[in-house]
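Participant: My questions all concern the structure below.
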Amino acid sequence: MITQKMTIKNPQGLHMRPAGVFAKEMGKFECSVFIKYKNNRVNAKSLLNIIAACIKCGSEIDIECDGSDEQEAMAKAIELVESGFNE
């Protein structure tokens, strides 16, 4: 299992579009992927779970990947967050 602390940069936070992009991309990996935010641990492959977490701009999150392709999943997660989900 690997974890990475990140800060959400895009102005609207993880609203519908970036949450959908994140869930779709994480769904391509075999490993489990979770977002930890404010004592909640949500499945990062679920659009509804990400939206329900209400993650705003400037929020610090931990991304947790666990499984056979965890390195690749983490690299993609970091790329998405750092790019602001291309917004």
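Participant: If Ser68 satisfies every condition in (1) closer than 16 Å to Ile2 by Cα; (2) without any contact (Cβ under 8 Å) to a residue 40 or more places away in the chain; (3) open to solvent by 60 Å² or more (accessible area, probe 1.4 Å); (4) touching a strand residue (DSSP E or B) at 6+ places or on another chain (Cβ under 6 Å) but one, which is the exception?
Facilitator: (4)
Participant: To continue, here is another question. Pairs under 9 Å by beta carbon, first residue more than 15 Å from Cys54 (Cβ to Cβ) and among the aliphatic types (A, V, I, L, M) in segment 9-23, partner open to solvent by less than 20 Å² (accessible area, probe 1.4 Å) and part of a helix (DSSP H, G or I), six or more apart or different chains?
Facilitator: Val21/Leu80; Val21/Phe85; Ala23/Ile50
Participant: From the set of residues in segment 13-26 that are open to solvent by 20 Å² or more (accessible area, probe 1.4 Å) and within 11 Å of the chain's Cα centre (by Cα), which is nearest to Met74 (Cα to Cα)? Can you show your working first?
Facilitator: The first filter runs over segment 13-26 and keeps only residues open to solvent by 20 Å² or more (accessible area, probe 1.4 Å), leaving 15-17, 20-21, 24-25.
With within 11 Å of the chain's Cα centre (by Cα) added as a condition, the list becomes 20-21, 24-25.
Working: Gly20: 17, Val21: 15, Lys24: 14, Glu25: 11 Å.
Checking each candidate, the answer is Glu25.
Participant: Can we say Val33 is open to solvent by less than 40 Å² (accessible area, probe 1.4 Å), farther than 18 Å from Glu79 by Cβ and in a strand (DSSP E or B)?
Facilitator: Values: open to solvent by less than 40 Å² (accessible area, probe 1.4 Å): yes; farther than 18 Å from Glu79 by Cβ: no; in a strand (DSSP E or B): yes.
It is false that Val33 is open to solvent by less than 40 Å² (accessible area, probe 1.4 Å), farther than 18 Å from Glu79 by Cβ and in a strand (DSSP E or B).
The values are calculated or read from the model by the stated rules, or taken from the named source; none is laboratory data. In this text, all values refer to a predicted model and were calculated from it rather than measured experimentally. Cβ atoms come from the backbone with ideal geometry, glycine included; neighbour counts cover every protein chain shown. Heavy atoms of the whole protein, side chains included, go into the accessibility calculation; ligands, DNA and RNA do not. Shrake-Rupley method; radii C 1.70, N 1.55, O 1.52, S 1.80 Å.
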